[in-house]
Amino acid sequence: MTATIERPRRHHEFGADPRRRRGDRAFGGLATGAGILILVTLAAVAAFLFREALPALTGDTDEPFVEYVGPLVFGTIWAAFLALLLATPLAVAVALFTSHYAPRRLAAPLGYFIDLLAAVPSVVYGLWGFGVLAPVLARSVYPWLEDHLGFIPLFKGPAAASGRTLMTVAVVLAMMILPIITAISREVFLQTPRLHEEASLALGATRWEMIRQAVIPYGRSGIISGAMLGLGRALGETMAVALIISPADLITFNVISPQNPNTIAANIALTFPESSGIEVNRLIATGLVLFLLTFAVNVLARRLARAGFPGAAG
């Protein structure tokens, strides 16, 4: 007789382990529930804002809502755009330095330091901008800009003696969004395929040429995503702007003058405690506008990240 030796049967011959199937189903249910909860929460917030803003949008007020919210929308977008313009090049440069230039002993502590900037409360940034940055800019930078670049509408002046201008706000906001853009860009740059970098260097490219040809094109979507996330943070910032700026009800591109357009979030924080009746509804209506503006920025960020950035240098 011939003995038959049975080999042990494996799980995949009978299907997956029932315990693993239950775990997968439980995890899938939790993930789906979390996603639905987020959508429900956003819908509830939007419904609340719309309900409370409706009296201000449809009722009779001394000032039409569009005229009231127009300068606030302009100031919000203008301050966030200036902050993004200042922060993005510096953030990308810092990310490239920590990922491809700095030695590891220096790159790691520098990366931790940049990440820790995101943990500083916004009120601390506002106090620093009000007490330290604004006087320094008022003494040295703003007079120089007015004297030498006053022919440009941005620096036409007169320069604010206190330094509490939209440019100071933009610098503070740039410091606040710098860690977000830097962290995302650095992680994307580190994910660049090593073969792409070595191939570029093997063809005789310098380190900067390799970064321009291989690293930046690969991390383009990450740069855009980080910039849009930073823009969303700058659009909704409240305390830092409220502590620094001297607001006025106007639309101007002058960034060093004493009169500056206010932002939606700062205006709500400054005027809400003293408001009542229809004024509260009008402030909530401006909050609804900010909610829609931030939502539109996030949608635009996702589309840009998926499509890349056409026209950028490769």
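The values are calculated or read from the model by the stated rules, or taken from the named source; none is laboratory data. Every value quoted in this text rests on a predicted model; they were computed, and no experiment measured them. Don't worry about glycine lacking a Cβ; one is built from the backbone with ideal geometry, like all the others, and counts go over all protein chains shown.
Key figures
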quantity	calculated
Filter result for the condition that a residue is closer than 23 Å to Val92 by Cβ, at pLDDT 90 or above and not polar (S, T, N, Q), over Val132, Val136, Val124, Val171	Val171
Unmet requirement for Gly204, which otherwise passes all of (1) surrounded by fewer than 12 Cβ atoms within 10 Å (Cβ to Cβ); (2) under 30 Å from Tyr101 (Cβ atoms); (3) in contact (Cβ under 8 Å) with a residue 24 or more places away in the chain	(3)
Failed criterion for Lys156 (all others in (1) modelled with pLDDT under 90; (2) surrounded by fewer than 18 Cβ atoms within 10 Å (Cβ to Cβ) hold)	(2)
Residue that is modelled with the highest pLDDT, among those in segment 41-62 that are more than 16 Å from Ile264 (Cβ to Cβ) and acidic (Asp, Glu)	Asp62
Meets criteria (β-branched (Val, Ile, Thr), surrounded by 15 or more Cβ atoms within 10 Å (Cβ to Cβ) and over 19 Å from the mean Cα position of the chain (by Cα)) for Val215	yes
Leading residue by the ranking (surrounded by the most Cβ atoms within 10 Å (Cβ to Cβ)) among those in segment 177-198 that are of a type in the set (A, V, I, L, M) and in contact (Cβ under 8 Å) with a residue 12 or more places away in the chain	Ile181
Which listed residue, of Ala214, Ala199, is under 30 Å from Leu116 (Cα atoms), assigned to a helix (DSSP H, G or I) and out of contact with any strand residue (DSSP E or B) (no Cβ under 7 Å at 6 or more places or on another chain)	Ala214
Among (1) modelled with pLDDT of 90 or more; (2) closer than 21 Å to Leu90 by Cβ - the single one Ala240 does not satisfy	(1)
Residue ID - farthest from the chain's Cα centre (by Cα), chosen from residues in segment 47-103 that are polar (S, T, N, Q) and under 19 Å from Arg233 (Cβ atoms)	Thr76
Answer from Ala83, Ala47 - the residue that is over 22 Å from Ile211 (Cβ atoms) and buried (at least 18 other Cβ atoms within 10 Å of the Cβ)	Ala83
Matching option when the condition is of a type in the set (S, T, N, Q) and closer than 29 Å to Leu243 by Cβ, among Thr58, Thr88, Thr32	Thr88
Among (1) buried (at least 22 other Cβ atoms within 10 Å of the Cβ); (2) of a type in the set (A, V, I, L, M, F, W, C); (3) not in a helix (DSSP H, G or I), the one test that Ala234 misses	(3)
Unmet criterion (only one of (1) out of contact with any Gly (no Cβ under 7 Å at 6 or more places or on another chain); (2) touching a residue at least 12 places away in the same chain (Cβ under 8 Å)) for Ala87	(1)
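A quick yes/no check of all residues on (1) free of Cβ contacts under 8 Å to residues at least 60 places away in the same chain; (2) more than 15 Å from the chain's Cα centre (by Cα); (3) in a loop (DSSP other than H, G, I, E, B):
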position: Phe253; (1), (2), (3): no, yes, yes
position: Ser257; (1), (2), (3): no, yes, yes
position: Leu270; (1), (2), (3): yes, yes, no
position: Val299; (1), (2), (3): yes, no, no
